[in-house]
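Asker: Mind looking over this structure? Questions follow.
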Amino acid sequence: MFQKPDNKLSRRNLLKLGTTGAFALIGSALLNPSSLFGKPPVALAQDKHDIHHAMKEQLHEGMKHGYVPSTEVTEGFKAAQHALTAFDYGKVSKLPDGRTLREYEITAFETNVEIAKGIKFPGWTFNGTIPGPTIRCTEGDVLRVKFTNGTMHPHSIHFHGMHPTNMDGLEAVPSGDSFIYEFEAKPAGMHVYHCHVAPLARHIHKGLYGNFIIDPKKPRTAAKEFNMLMNGYDLDLDGENEIYTVNGYAFAYQQEPIKVKAGELVRIYLSNLTEFDLINSFHLHANFFNYYATGADPEARPAYTDTIMQCQGERGILEIVFPSPGRYMFHAHQSEFAELGWMGFFIAE
């Protein structure tokens with residue numbers, strides 16, 4: 001009976017190596033133009049064997065001091081910082097019946113996306129970033145989204161929420177073609193959008209997803225607002241993620257913590273589009289928050305907690321007040337995820 005070798009380049013082996021050494025190893029061994037992917041099976045197996053031994057040799061040193069975030073302002077880091085507060089409200093006009101029309105243009109194309117210092121992922125993207133733009137509107141608005149497929153593969157956009165079935169994104173848009181999705185935005189709440197072409201695991205994992213916020217007609221209480229999307233990256237195509245991030249770049253908010261004011265209301269629009277893992281999670285240190293699952297009812301009784309879990313496609317709204325100045329860590333409560341990129345800090349001033 002065939003047994004899988006125990007020297008595979010798994011996320012658990014990367015954890016043993018330590019994050020700093022692991023990211024360097026991934027960058028040099030997997031995503032380099034002359035990397036493992038360009039070699040025949042025998043060479044691939046030999047390189048993985050060598051990598052396994054390198055991991056063992058660096059075990060002690062790799063975990064000695066833990067992960068030290070990069071201080072380099074890379075393109076991937078800047079993209080994650082931008083995604084934190086970037087909300088796309090579209091091109092706004094009025095329809096004859098008085099309703100608000102919001103128009104968006106989204107193009108799918110293939111590009112290498114930086115997901116950690118020195119590591120680029122061969123992504124399928126909406127408008128060139130992972131995650132794609134955060135679409136935002138108000139309940140009752142009419143959305144008109146022109147989707148153009150600029151890749152070599154069929155793609156679509158499936159919006160969560162309520163809309164006619166012919167706008168559901170189940171029909172693939174061929175390479176080079178365009179399609180206009182048009183529907184009334186409802187219900188209010190925190191939603192997501194993603195490609196819905198088979199094989200779903202690959203189309204979603206490659207980066208075709210984003211957040212979709214429908215504000216209620218009665219505005220929520222004023223707050224400092226942030227956008228966060230949790231995801232993972234399978235770098236060696238074995239169905240197991242090696243890097244986890246919020247907004248696409250590992251440790252972005254540990255490298256540069258998110259600044260807030262003590263006593264002010266902070267609102268986070270949080271979603272999970274992690275493929276190949278059943279759940280992801282959000283844990284806040286030294287504080288609690290109110291969690292509104294899906295966020296569809298602003299008057300709903302929230303869960304009051306410091307940790308929530310989300311399966312793929314699940315989302316919700318967190319409302320936090322930091323009681324005093326200080327440094328508040330947040331991360332996935334799966335230790336593997338946290339140590340492989342999904343960790344950050346709020347600094348309350």
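The values are calculated or read from the model by the stated rules, or taken from the named source; none is laboratory data. What you see is a predicted model, and the numbers here were worked out from it, not measured in a lab. In this analysis, Cβ positions are derived from the backbone assuming ideal geometry, glycine residues included, and neighbour counts consider all displayed protein chains. Remember, those area values only see protein heavy atoms, side chains included, never the ligands or the DNA or RNA. Shrake-Rupley method; radii C 1.70, N 1.55, O 1.52, S 1.80 Å.
Asker: Of the listed peptides 330-337, 269-276, 307-314, 88-95, what is their order by residue-averaged count of other C-beta atoms within 10 Å, with the highest listed first? Walk me through the numbers before you get to the answer.
Answerer: On the way: 330-337: 20.1, 269-276: 23.4, 307-314: 17.0, 88-95: 12.9.
By packing density, highest mean first, the sequence is 269-276, 330-337, 307-314, 88-95.
Asker: Which value, in debye to the nearest 20, gives the size of the charge dipole of the range 256-332 about its Cα centre, when Lys and Arg are +1 and Asp and Glu are -1 at the Cβ? Let's see the in-between values first.
Answerer: Values: 6 positive and 9 negative charges, 59 e Å.
For this selection, approximately 280 debye.
Asker: How far is the Cα center of the range 258-300 from the Cα center of the range 151-204, in Å?
Answerer: So the two Cα centres are separated by 25 Å.
Asker: Of Lys94/Lys206; Lys146/Lys259; Lys78/Lys206; Lys117/Lys206; Lys117/Lys146; Lys78/Lys261, which pairs sit farther than 28 Å apart, going by alpha carbon to alpha carbon?
Answerer: Working: Lys94/Lys206 36 Å; Lys146/Lys259 35 Å; Lys78/Lys206 20 Å; Lys117/Lys206 19 Å; Lys117/Lys146 33 Å; Lys78/Lys261 22 Å.
As for pairs spanning more than 28 Å Cα to Cα, those are Lys94/Lys206; Lys146/Lys259; Lys117/Lys146.
Asker: Give me the percent of accessible area attributable to carbon and sulfur for the range 123-238, probe 1.4 angstrom.
Answerer: 57
Asker: By average Cβ neighbour count within 10 Å, what is the ranking of 117-125, 318-326 from highest down?
Answerer: Result, highest mean first: 117-125, 318-326.
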